[in-house]
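As structure tokens, the structure follows; a few thoughts come after it.
The values are calculated or read from the model by the stated rules, or taken from the named source; none is laboratory data. What you are looking at is a predicted structure, and each value in this text was computed from that prediction instead of being measured. Note that we place each Cβ from the backbone using ideal geometry, even for glycine, and neighbour counts take in every protein chain shown. For accessibility, only protein heavy atoms count, side chains too; no ligands or nucleic acids. Shrake-Rupley method; radii C 1.70, N 1.55, O 1.52, S 1.80 Å.
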Amino acid sequence: MTRRLRLVSTIVLCAMSATAFAQSDTPVSPAPNAPAVRSEAVPPPEAGARITRIDGPCDGYHSGPGFRLGQDHVVRQGEVVRDFAVVLGNAVVEGAVCGDLSVTLGDVRLGPEAFVEGQLVVVGGTVTIEPGATVRGELVVVAGAVDAPADFRPGREQILVGIPVIGTQARLVVPYVTRGLLLGRLIVPDMAWVWWIVAVVFFVQALINLLFPRATASATAIIVDRPLSTFLAGLLVIVLTAPVVALLAVTVIGLAALPVLFGALIIAWIVGKIAVGRWIGSRLFEQDDPDSRMEGTRSFAIGFVVLTIVAMIPVLGIVVWGLTSVLGLGSAAMAFVRGFRRENPPPVRVPPPAPPPPPVGTPYETAAVGAAPLAGFDEAAAPLDMSGGADGFAMPPPAFAGVPPMARAGAAPSAAGRALLAFPRADLGPRAGAFLLDVLIVAVVASTIGGRDPDDFIVPLLLVYHIAFWLWKSTTVGGIICQLRVVRVDGAELRLVDALVRALVAIFSLGAFGLGVLAITRDPERQSWHDRVAGTLVVRVPRNYPLP
């Protein structure tokens, strides 16, 4: 079982191009069929190379573990090496490998005097073994083929996984990786299939630009008005994506929302790239009418050509692509928030009408006790009116008139609570931003105290964090940054039961595909499901508003 696990681990490491090499100086056990390697045939070591002296079939001086990325490697006849790995390249062995040999997306050829002491693992390539070659360990080929003599047998097992066509298709991208990504550019000019992809991307983005001109124009206008804020917004979206995904992944219902989240991010990224292209094109050739569909398409085409040319320049191409991606993502996010506010404006708060003044000079008005009656008023002739009470006086309104029902239950409104109720209700945007900041803070704390399994602590910590801050300061750290406060609908101070109910129902609001949170956009008081159940409101306070 241990040998099987070690074999599987080797395959996975080769596929991920992250092979680990042993650093031990333990002598290698002798091989009965190993060809004799004469120490005098070994070339002198290079300056600075690590040299190890061992006894056995690999007797002689040899270098330590080696690695090649995007390059071929040849072990010449008489040369002895330790563990070796080649990624995106080919390997030719004429000498001895006193350890494991792994090749990812490349071919391997073993000469007639080749000797491999450990495992030979090849992913996405062909192994050519000539008569006389020796492999003492396992021979593992993943998505590749083996060309060996009929009498060849490895020292242990021979394992073939997958079909060769998979490796053949995967190796088509090797030139693109070696001549493109490793050089820091996204477009390799002399590869025809790359230009086909560029054409498809241009067609899709141009079609979206024509079908949704208002969305792309809005995102472009945001870049023109506030480029730095837009870039920072894009960075914030990227940073907060990981904790939001982790929060959704811990619940079964949240897993169903992950495809929607990733789809929204992809759409935002595409719209943002279109906006960046239009912005660059409008800077080079001024656009007279920002709302013109044809002029917007012209600006996009010019910007797309400029970005394509830059993408062919090494190093600069990948840097510009990353910066424009962040800028575009921020512009799409800010355009969505702006459009959402335009379609869902906050309700206009009409002040309640002032109570009418009491009537003056009516025959039912009486003077204070012990004072003379009003002039011109005959008390004997005045009709008796009992509508105002048994003694003829008008009864004042009850003390709880106009106070919400919760206040009548014994919760006395405070001066601070009444002051908070006068502020406008908070919209979905600031509340979502505050929540994401709180999730980020709790995620950092959970990773600190949770070790390797922070997901086991993040949900309980979120509950404790929000309940404690609501009771302490009527808001959280994210709420302080976004200028939010939580207050009861009757203006009274939050109680433990209010905070606990609000936190527990908030889990259901998020888990129900976020419908409980989206209710904020339709509710006249901007209340979510957990606000309605707990009887709370979230208000937006001015900057530097004092904390309770």
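Details
- Remark: spin-label model distance residue 512-residue 258 equals 2.4 nm, labels positioned 7 Å along the Cα→Cβ axis.
- Peptides ranked, highest mean first, by Cβ atoms within 10 Å: ranges 255-262, 74-81: 74-81, 255-262
- Linear extension gain, residue 464 paired with residue 67, 0.36 nm per residue minus alpha-carbon span: 138.0 nm
- Sparse packing (at most 14 other Cβ atoms within 10 Å of the Cβ) combined with a DSSP loop state is found for the following trypsin sites (Lys or Arg not before Pro) in the stretch 450-537: 452, 495, 522.
- Accessible area per residue in Å² at 1.4 Å probe, computed on the stretch 199-294: 57
- Theoretical FRET efficiency, 1/(1+(r/R0)^6), r = Cβ-Cβ of residue 325 and residue 153, R0 45 Å, to 0.05: 0.30
- Per residue, the stretch 464-505 exposes 42 Å² of solvent-accessible protein surface, assessed with a 1.4 angstrom probe and all protein chains in place.
- Across 509, 292, the residue with the most accessible area heads the list, and the full order at a 1.4 Å probe is 292, 509.
- Peptides 106-118, 535-547, ordered by how many other C-beta atoms sit within 10 Å of their residues on average, highest first, read 106-118, 535-547.
- Under 5 Å, built H, 5+ apart or other chain: amide partners of residue 67: 85
- Paramagnetic label zone (point 7 Å from Cα along Cα-to-C-beta, residue 294; backbone N under 16 Å) in the stretch 197-225: 210
- Proximity of backbone amide H atoms, modeled 1.01 Å from N, is registered between residue 75 and 92, 93, 94, 95 at under 5 Å, excluding neighbours fewer than 5 places apart on the same chain.
- Potential extension, residue 497-residue 226 segment - 0.36 nm per residue separation minus Cα distance: 93.2 nm
- Cα gyration tensor category, rounded, prolate or oblate, for the stretch 107-189 with a/c compared to 1.5: prolate
- Table column - 3J(HN,Hα) (Hz), the stretch 126-133, Karplus curve with 6.51, -1.76, 1.60, x for Gly and Pro: 10, 9, 10, 10, 8, x, x, 6
- Where a label projected 7 Å from the Cα of residue 201 along Cα→Cβ would reach, residues of the stretch 323-340 with amide N under 11 Å: 325
- Stretched out straight at 0.36 nm per residue, the stretch from residue 177 to residue 315 would grow longer than its current Cα-Cα span by 48.3 nm.
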